[in-house]
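Right, one structure below, let's go through it.
Computed from the coordinates by the stated procedures, all read-outs in this text should not be read as laboratory data. Everything quoted here is computed from the prediction, not taken from an experiment. Positions of Cβ are backbone-derived with ideal geometry, glycine not excepted, and every protein chain shown enters the neighbour counts.
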Amino acid sequence: MDKHIEKIKAHLKGINDLQQGLKLFNEDEEEYISLLAKIQEQFYFISDEAMEVFKELTLQIRNTGQKRIKRGIDQLPHTIKESVSEEIKNMKRAGELFD
């Protein structure tokens, strides 16, 4: 993820530099339009990087969730055994009260 953040920062710096260049030209000049197109391209690169990191994070979230579910399933027999044992103890205590 850090590599994507660094790439996005570099594109943002590029946008900032290009914006400074816009000040050198009038809106009706070809160079002005060319710089706008380059700024647009930088935003395209940012969106591409953002999509890549989004996909990576989605995969990481999915894998983490699957691990958590697996741990829960692995612990289920132990949890059921504890619960049943506790219920049996409670029934025995309840039975002793009525003796």
Residue separation between Ile80 and Asn26 times 0.36 nm, minus their alpha-carbon distance, gives in nm 11.9 nm
Number of Lys pairs in segment 2-98 closer than 21 Å at Cα, excluding neighbours under 8 places apart unless interchain, is 13
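Could you grab the Rg to Rh ratio for the chain? Cα atoms only, Kirkwood for Rh.
Numbers: Rg = 30.6 Å, Rh = 19.0 Å.
Across the chain, the Cα-based Rg/Rh ratio is 1.61.
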Label model pair Gln66, Tyr44: point-to-point distance (7 angstrom along the Cα→beta-carbon line) in nm is 3.5 nm
With Cα coordinates, the longest principal axis of the chain makes an angle with the long axis of helix 2-22, in degrees rounded to 10, of 30 degrees
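Could you work out [θ]222 nm for the chain from helices alone, using -39500 (n - 2.57) per DSSP H run of at least four and dividing by all its residues? Round to the nearest 500 deg cm²/dmol.
So the calculated ellipticity at 222 nm is -34000 deg cm²/dmol.
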GNM on the chain, Cα springs under 10 Å; top mean-square fluctuation among Leu18, Leu76, Leu35 goes to Leu76
Taking R0 as 41 Å and r as the Cβ-Cβ distance between Asp2 and Lys89, the FRET efficiency 1/(1 + (r/R0)^6), rounded to the nearest 0.05, comes to 0.20
